[in-house]
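The values are calculated or read from the model by the stated rules, or taken from the named source; none is laboratory data. Just so we're clear, the structure is a prediction, and the values are computed from it rather than from any experiment. Quick reminder, even Gly has a Cβ in these numbers, built from the backbone with ideal geometry, and neighbours come from all protein chains shown.
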Amino acid sequence: MRTISRLEQPHISALAEATGLERSTLGRNLRPLEKAALIEFDQGEDARTKLVRLSRKGKRALEGALPMWQLAQEELAADFGRKKIDALEKLLDDLIAG
């Protein structure tokens with residue numbers, strides 16, 4: 001949901017690329033969010049493209065979760081140290097870049 005929010009209203013392909021998931025896997029992951037009314041789909045430029053966006057309920061849920069996410073990030077940094085977190089993020093970026 002955070003990636004959907006960050007990308008605003010991405011195409012399914014753009015969201016799959018941003019999350020590192022195949023389109024079919026992403027589709028399976030989005031179904032429960034749609035069923036819970038946290039996301040909605042819109043028609044893209046043509047019949048083959050779909051756009052995904054957070055619903056109002058989804059935006060409220062994400063806003064409510066952000067303080068807990070921030071706390072978890074702070075605890076992780078406190079446990080492992082900023083230098084290790086930076087190294088991990090660099091490794092993950094390298095992995096995604098291929």
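Structure data summary
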read-out	value
Every residue from segment 14-24 that is assigned to a helix (DSSP H, G or I) and touching a residue at least 12 places away in the same chain (Cβ under 8 Å)	Leu15, Ala18, Thr19
Selected residue (criterion: farthest from Leu92 (Cα to Cα)) from residues of segment 1-45 that are surrounded by 13 or more Cβ atoms within 10 Å (Cβ to Cβ) and of a type in the set (Gly, Ala, Ser)	Gly44
Complete set of residues in segment 51-65 that are in a helix (DSSP H, G or I) and surrounded by 12 or more Cβ atoms within 10 Å (Cβ to Cβ)	Lys57, Gly58, Lys59, Arg60, Ala61, Leu62, Ala65
In segment 46-62, residue nearest to Leu92 (Cα to Cα) [restricted to those that are out of contact with any His (no Cβ under 9 Å at 6 or more places or on another chain) and either β-branched (Val, Ile, Thr) or at pLDDT below 95 (or both)]	Arg48
